[in-house]
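All remarks here apply to the structure that follows.
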Amino acid sequence: MISTPLIDRRAFLRSAGLAFVTGLGARSAFALERTDAVYASGLKRPDGSFAIGLVSEAGTLIDEIALPGRIHGLCHSAANGLSVAFARRPGTFAVIFDAKKSVEPRIIAAAEGRHYFGHGAFSPDGRLFYASENDFDANAGVIGIYDCLSGFERVGEVPAHGIGTHDITVTADGLLVIANGGIETHPDFGRTKRNLDHMEPSLVLADATTGALIEKHVLPPDLKQLSTRHLDVALDGRIWFACQYEGPRTDRPPLVGHFAKGAPISFVDLPDETTDRLGNYVGAIAVNQAQGLVGIASPKNGLWAVLDGRDGRLISETVLTDAAGIAPSPTSFAVSSYRGDFLDRKNPVAWDQHIIQL
């Protein structure tokens, strides 16, 4: 049998992954003396290696957990205190960690015939976590289900009801919210997008226990190249989503919208100048529930913006070269960049695309 990079990575993780991660994230003396982590994000070090960075409320990097490769998204559970970081597509590892270091980091591998799409979410009670995955031979998105109480064993999967599944979340009442980007990929072809002329983007609500489809919002034909990628949930239950456009650069598609159970998709009408500055690409979205704000960030032309969570009205936009992740802060949003910016601090690393608040 001819080995592939996917099989080689999985074999490596199963044989050496746990040993690789355990002990590589020891808290620095500086961190012990100063503060606890408030945020976490993937990062690339100056030597080209990767880690999870734990960050203070002021934006200072205070600790790291070494990784065997690059991650993309992360999720956190307030119920059990754990977080999970997922490998970047088409990666096959995920790392479970506790920012307070009460348990050692643990690495798990994707199931055979699956790879991670880079995102996941915990159940409200913290007993399960869900991962967006690719059944790549069937060209179907699936949601892998993992039991936190039994060694993070993969206990099943449910359909994502679409392809190119990306970000997911779980609402407090047990709804699984799924952003199917609509893009076909296969690990044999790396990150190549294989169906840009016939994409199938959609937004799905499903039962988190059974996977039964509750609602599916398919984007209209004139927006078939608008990939629905990232999600967050507002206090009023509305689901905000951000998109990345795969069509002509001269088009000005809507890039942000919201919907709710029983309600249709509603797109935000951003000013043309803002859409141009976003480069038809929103790489991250976050809802600040306490402040009633929605934040978006784009590395394309280096911009992050704040919207009114009631109606999507543009409140502010800020130029930040290579803007990457965004997460709620006490007053607005914490934003990072590929150049090391995090809030008002500059760190000697390249931050990755997403931030979670711990």
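For semi-axes √(5λ) of the Cα gyration tensor in Å, the candidate list reads [x] 67, 27, 18; [y] 28, 25, 20; [z] 36, 22, 19; the entry that matches the value derived from this model is [y]. In loop segments of segment 56-128 as defined by DSSP, the GluC sites (Glu not before Pro) with at most 11 further C-beta atoms inside 10 Å of their C-beta are Glu112. The local environment of Thr185, defined by Cβ-Cβ distances under 9 Å, has a net charge of +3 under the rule Lys, Arg +1 and Asp, Glu -1. Could you pull out every one of the lysines with an alpha carbon less than 25 Å from that of Lys44, ignoring same-chain neighbours closer than 8 positions? Straight-distance partners of Lys44: Lys100, Lys101, Lys193, Lys300, Lys346.
When the trypsin sites (Lys or Arg not before Pro) in segment 203-292 are filtered for DSSP coil states and for at most 11 other beta-carbon atoms within 10 Å of their beta-carbon, the remaining sites are Arg249.
For the pair Ala290 and Ser49 in one chain, pulling the backbone fully straight at 0.36 nm per residue adds 83.2 nm over the alpha carbon distance. The stretch between Asn195 and Ala78 holds 38.3 nm of extra length on full extension. This uses 0.36 nm per residue minus the Cα-Cα distance.
With a Förster radius of 30 Å applied to the C-beta separation of Asp125 and Glu57, the computed FRET efficiency comes to 0.65. Near the amide H of Ile355, within less than 5 Å, lie the amide hydrogens of Ile326, all on another chain or at least 5 residues away, with H placed in the peptide plane. In this structure the chain gives 41 Å² per residue of accessible area when probed at 1.4 Å with all protein chains present.
Please list, or write none, the aspartates and glutamates whose alpha carbon is within less than 13 Å of the alpha carbon of Lys216, excluding same-chain residues fewer than 8 places away. Cross-link targets: Glu200, Asp207. Overall, the accessible surface of the chain at a probe of 1.4 angstrom is composed of carbon and sulfur to the extent of 51 percent. What the phi angles of segment 65-74 give under the Karplus curve with 6.51, -1.76 and 1.60, with θ = phi - 60°, is a coupling list of 10, 5, 10, x, x, 7, 9, 10, x, 9 Hz, glycine and proline written as x. For segment 129-274, relative contact order (Cα pairs under 8 Å, six or more residues apart, normalised by length) works out to 15 percent.
The values are calculated or read from the model by the stated rules, or taken from the named source; none is laboratory data. Just so we're clear, the structure is a prediction, and the values are computed from it rather than from any experiment. Cβ coordinates were reconstructed from backbone atoms using ideal geometry, including for glycine residues, and neighbour counts include every protein chain displayed. With ligands, DNA and RNA removed, areas are computed over all heavy atoms of the protein, side chains included. Shrake-Rupley method; radii C 1.70, N 1.55, O 1.52, S 1.80 Å.
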